[in-house]
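Taking it in order: structure first as structure tokens, then the write-up.
The values are calculated or read from the model by the stated rules, or taken from the named source; none is laboratory data. Quantities reported herein were computed from a predicted structural model and do not represent experimental measurements. In this analysis, Cβ positions are derived from the backbone assuming ideal geometry, glycine residues included, and neighbour counts consider all displayed protein chains. Each accessible area value is taken on the protein alone, full model and side chains, heavy atoms only, with ligands, DNA and RNA left out. Shrake-Rupley method; radii C 1.70, N 1.55, O 1.52, S 1.80 Å.
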Amino acid sequence: SGYESLTPVQDAVSPPELAEADLLVSAQTGSGKTVGFGIAMAPTILGDGEGFDRAAAPLALVIAPTRELARQVKREDLEFILSEAPESRRTLMFSATVPAGIARLAETYLKDHQRIKTVSEKSQHADIEYQMLAVAQRDAENAIINVLRYHEAPNAIVFCNTRAVVNRLTTRLSNRGFPVVALS
């Protein structure tokens, strides 16, 4: 599996005393939040078992991304979903940052929650070279294509801020011969 030890956020959500608590967790991108979410959720849905028995109803509901939900809480049906969820539910919110919208969501929907904030060692992603290019908004997609061609990296991840941009950029990259997969 490649895992040798827990990251700080994974370790922070692991204590048995948090096994029933609602959590608001923030940790930087690349810190292992997704696995941490699984670790935090496991006691609730597994109990003492090693696996799942046949379930008559859903055991868990995962809604992502948190930041997008915070913007769309009134629009995207979140209030309806949460109002229909069992009163006895356990709610876990994981996010890279906790801006005002997510803090409001937490105050509204989490019960007496624990706040967990971790900062990984400074060596996090020390093997990554960061570069910033200032381009006009209208040139952004062409700049992405040029950077990908320039570096000729066998793999790359391009982050977009909306599903529409993901779809448009996927089409543009595909039309230019890049083997591309969209995830949104």
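Below is a table of values for the structure above.
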{"quantity": "Residue match in the range 95-105 (condition: charged (D, E, K, R), modelled with pLDDT of 80 or more and exposed (fewer than 14 other Cβ atoms within 10 Å of the Cβ))", "calculated": "yes"}
{"quantity": "All positions within the range 5-30 that are of a type in the set (Ser, Thr, Tyr) and more than 20 Å from Thr97 (Cβ to Cβ)", "calculated": "Ser5, Ser14"}
{"quantity": "The range 143-184, subset open to solvent by 70 Å² or more (accessible area, probe 1.4 Å) and under 17 Å from the mean Cα position of the chain (by Cα), residue farthest from Ala64 (Cα to Cα)", "calculated": "Ile157"}
{"quantity": "Residue that is least open to solvent (accessible area, probe 1.4 Å), among those in the range 126-140 that are over 19 Å from Thr29 (Cα atoms) and either assigned to a loop (DSSP other than H, G, I, E, B) or in contact with a helix residue (DSSP H, G or I) (Cβ under 6 Å, 6 or more places away or on another chain) (or both)", "calculated": "Ala136"}
{"quantity": "Hits in the range 55-76 - residues which are open to solvent by 100 Å² or more (accessible area, probe 1.4 Å) and either part of a loop (DSSP other than H, G, I, E, B) or modelled with pLDDT of 80 or more (or both)", "calculated": "Ala56, Pro58, Leu61, Lys74, Arg75"}
{"quantity": "Qualifying residue in the range 31-48 (condition: touching a residue at least 12 places away in the same chain (Cβ under 8 Å) and part of a loop (DSSP other than H, G, I, E, B))", "calculated": "yes"}
